[in-house]
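Bear in mind that the values in this text are calculations on the coordinates, not laboratory data. Here the structure is a predicted model, which means the values were calculated and not measured. Quick reminder, even Gly has a Cβ in these numbers, built from the backbone with ideal geometry, and neighbours come from all protein chains shown.
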Amino acid sequence: MDKKRADRTGMTLAKFFDVWGSLLTFAVLIAVFCLLSGSFRTGTNLINILTQSAPTLIIALGVTFVNMSGESDLSLGGIVGLSASLFCGFIANGSSPLLAAAVSIGAGALFGLLNGILVACAGLSSFITTISIMFLTQGLEYAYCGGSSLWVRDHPVVKVVTASVGPVPVMVILTLVLFAAVYLVMHQTKLGLHIQAVGLSQDAAKFAGISVKRIKLVMFVLAGVFYALGGMLNALRSSGSIIYSGQRLLLPVLAVTYIAKTILGTKRANIPGILVGALMLTSISTAFTLLSMEFYYTLIAQGIVLLFAAILSVSNRSVMLQEDLR
C-alpha cells in the first residue's frame with residue numbers, strides 16, 4: 001500500500017514539474033539574481049533585458065514557425081547575418097531605410113522560399129538543407145561586406161529605433177507588438193490551426209484536406225522574413241552589422257526554442273514559451289554582467305540551465321510513460 005502511495009506521489013510530482021518545472025527554474029533564478037544584485041531588480045534593468053532579448057525573440061519566432069510545421073531550420077545562422085549586412089550596406093551607400101529594409105526582408109524571404117521548395121516540395125532533409133543554406137548565405141555575407149563589419153552609427157534610423165516612448169524603447173514596443181500579432185495568428189486564425197495540425201500529425205492533416213506542402217512552404221518563407229527582421233533589429237541595436245552575427249545568435253536561439261518546448265508541459269514548439277526562454281537566457285547574461293563576473297561564467301550558467309531543462313523533460317517523460325504502461 002505504501003509503495004502504491006509512493007508511486008502515486010511520484011507521478012503527481014512528475015506531472016507538476018512537467019508543467020511548472022521550467023517556470024519555477026526561471027522564478028528561482030530571478031529571485032537569486034534579485035538578492036545578489038540590487039541593480040537587477042530595477043525597472044531600468046527590466047527594460048534592458050527586454051531590449052537585449054528582442055532580436056533573439058524575433059528570430060526564435062521564425063524558428064518556431066518551422067518547428068510547428070514539423071521541420072527544423074538552421075539556416076538562420078547565415079540568413080540573419082546576410083540580411084543585416086544588406087540592410088546596413090544599403091543604408092551606408094545612401095539608400096533609404098525603407099528600401100534597405102525591403103531588400104533585407106526580400107533576401108530573407110527568398111532563402112526561406114528556397115528552403116521550403118527543397119524541403120516541402122523536393123522532399124529533402126530539412127536538417128541538411130538548412131545547414132547548406134546557412135553555409136551559402138554566410139559565404140554571400142562575407143562576399144558582400146568584404147569580411148568587414150558595416151557601421152551605420154550616425155544614421156537617423158538608428159536613433160529612431162533605439163529611442164524610447166516614455167520609459168519603453170521603441171525596439172521593445174515593436175517586438176511585443178509583433179509577438180502579440182504572431183500569437184493571435186497562430187491561435188485565432190485558420191492558418192494557425194492548420195500549422196498546428198501539420199505539426200501534430202501530417203497524415204491526419206492531409207486526411208483533413210490541409211495542404212502540408214503549402215503550409216511548410218509558407219512557414220519557411222515566414223521564418224526567413226523573421227530572420228531578416230531580427231537581423232535588422234540586432235544591427236540597429238549594435239549600430240551596425242557585425243560579420244557573421246547570425247552565427248553568433250544560432251546557438252542561443254536554438255536554446256530558446258528548446259526551453260520553450262518545456263514550458264507548461266507542452267513538449268511542442270509554442271509562442272509563449274519563446275518569450276520565457278529568451279528572457280531566461282538574457283536574464284542570466286545580464287545578471288552576471290551586473291555582478292562583474294567573467295563572460296565565460298555566463299556560458300557555463302546558460303549551459304547548466306539548458307541541461308537541467310533537458311534532464312527535467314526526459315525524466316518526466318520517462319515517469320509519465322511508466323504511468324501509461326500501468
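For the stretch 153-202, pairs of C-alpha atoms spaced more than 12 angstrom apart make up 70 percent of the total. All C-alpha to C-alpha distances of the stretch 14-318, sorted into 10 Å bins beginning at zero, yield P(r) values of 6, 26, 34, 24, 8, 1 percent in whole numbers.
Where nothing but the Cβ of Lys and Arg (+1) and of Asp and Glu (-1) is charged, how large is the charge dipole of the chain around its Cα centre, in debye to the nearest 20?
Dipole size: approximately 620 debye.
For the chain, adding -39500 (n - 2.57) for each run of n ≥ 4 DSSP H residues and dividing by the number of residues yields -27000 deg cm²/dmol at 222 nm. Would you please classify the overall shape of the stretch 33-136 from the alpha carbon gyration tensor, given that a ≥ b ≥ c denote the square roots of the eigenvalues, rounded means a/c under 1.5, and beyond that prolate means a/b larger than b/c while oblate covers the rest? The shape class here is oblate.
Our summary gives the stretch 14-318 a relative contact order of 35 percent, counting only alpha carbon pairs under 8 angstrom and 6 or more residues apart.
Binning the alpha carbon pair distances of the stretch 147-242 at 10 angstrom intervals from zero yields the distribution 14, 32, 25, 18, 10, 1, expressed in whole percent.
Starting from the Cα gyration tensor of the stretch 93-215, take the square roots of the eigenvalues, sort them a ≥ b ≥ c, and report rounded, prolate or oblate (rounded when a/c is under 1.5, otherwise prolate if a/b is larger than b/c, else oblate). Cα axes put the stretch 93-215 in the oblate bin. Computed over neighbours whose Cβ is under 12 Å from that of residue 115, the net charge equals -1, Lys and Arg +1, Asp and Glu -1. Normalising the Debye intensity of the stretch 221-295 to I(0), with uniform scatterers on Cα atoms only, and taking log10 at q = 0.14 Å⁻¹ returns -0.56.
Short-range pairs are left out: with C-alpha atoms under 8 Å and at least six residues apart, the relative contact order of the stretch 29-118 is 16 percent.
Only helices at least 30 Å long along their axis, Cα-based, and averaging 1.0 or more on Kyte-Doolittle count here, so list those DSSP H runs from the chain.
Answer set is 43-68, 212-238, 295-325.
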